[in-house]
Amino acid sequence: MYKFAQGAALVLLSLAITACSSSPEEDEFTRKASPDQLYTQARTSMELGNYSKAVRSLEALDSRYPFGPHKTQVQLDLIYAYYKMDDAASGIANIDRFLRLNPTHPNIDYVHYMRGLTNMQADNYLFHDLMNIDRTDRDPKNAQDAFKDFDRLIKSYPDSKYAVDAQHRMQFLKNRLAQYSIQVAEYYIKMNAWSAAAVRAQTVMEKFPGTPATERALEIMSEAYGELGQDKLQQHVKMVMKANFPNNETLTN
């Protein structure tokens, strides 16, 4: 299975390299084309799903005609094309530039939404998903950034057509971030760092209430307080657990 994943990765990498290369004819056209011709080519490439070719045309437009008739739409198209190419670094750089230069643009809610999508995409690991590997223990920075992006969108543009989807994605991200905190707390347990484990589990209760990780967080807090000799805190946690998860097996211990 590992060899299969390696082979798949090499095939995809090869395809990506091939897709990103340009022919001499294309380079010649790019040098001589007018802004309208370049933009038409970029749009055609995007409609055909050839995002690497679209990016080459759009980048040429952006660098050669920064004040051309399509300048704003070129930047928006680049943001989307980079997202489709899974190029988070270029996508975020262009998004931040757009937000800085066009703070009152009528589609600014879309740009904030795309920032969230791009960060969320950067948090995913394609081959972990393909192989059904749980890696919720990975660095959550991109997930945290995506959560902030969607939160900013909802608070700043509550009537945006992207707000509902952003809310759904925030719930997914809350679950992911809560599970990460559980992984950290369980690591502390292995290290017998009971106080740190309790604090981390408490973070789940405070920042991510209502997520599936809540029950496990209460279990960790109960165990940690027991090890620390904090009987009153442990009893309080068990009362909360009994009220919310009456069938939890640890209640009988």
Take the Cβ-Cβ distance between GLN167 and ALA193 as r, set R0 to 25 Å, and report the resulting FRET efficiency rounded to the nearest 0.05.
-> 0.10
Translational D (Stokes-Einstein, µm²/s) of the stretch 164-253 at 25 °C and 0.890 mPa s when Rh comes from the Kirkwood sum over C-alpha pairs?
-> 184 µm²/s
In terms of the ratio Rg/(2.2 N^0.38 Å) built on C-alpha atoms, what value belongs to the stretch 144-212?
-> 1.35
Added length on full extension, which subtracts the Cα-Cα distance from 0.36 nm per residue, THR72 to LEU48 = 6.5 nm
By average Cβ neighbour count within 10 Å, what is the ranking of 239-246, 172-179 from highest down?
-> 172-179, 239-246
Expected-Rg normalisation [2.2 N^0.38 Å, Cα atoms] applied to the stretch 202-253 | 1.05
Is the shape of the stretch 28-107 best called rounded, prolate or oblate, per the rule: a/c under 1.5 gives rounded, else a/b larger than b/c gives prolate, else oblate, with a ≥ b ≥ c the square roots of the Cα gyration tensor eigenvalues?
-> oblate
Protection proxy ranking of 151-161, 113-123 - average other beta-carbon atoms within 10 Å, highest first = 113-123, 151-161
Theoretical gain in end-to-end length, ASP86 to ASP159 [0.36 nm per residue, Cα-Cα removed] | 23.5 nm
Shape call, the stretch 46-175: gyration tensor on alpha carbons, a/c limit 1.5 = oblate
In the structure shown, do any of LYS161/LYS207; LYS53/LYS155; LYS190/LYS238; LYS71/LYS148 have a Cα-Cα gap over 32 Å, and if so which?
-> LYS53/LYS155
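Every read-out reported here was derived from the displayed coordinates using simple, explicitly stated rules and does not represent laboratory data. Quick caveat: nothing in here was measured; it's all calculated off a predicted structure. Backbone-built Cβ (ideal geometry, glycine too); neighbour counts: all protein chains shown.
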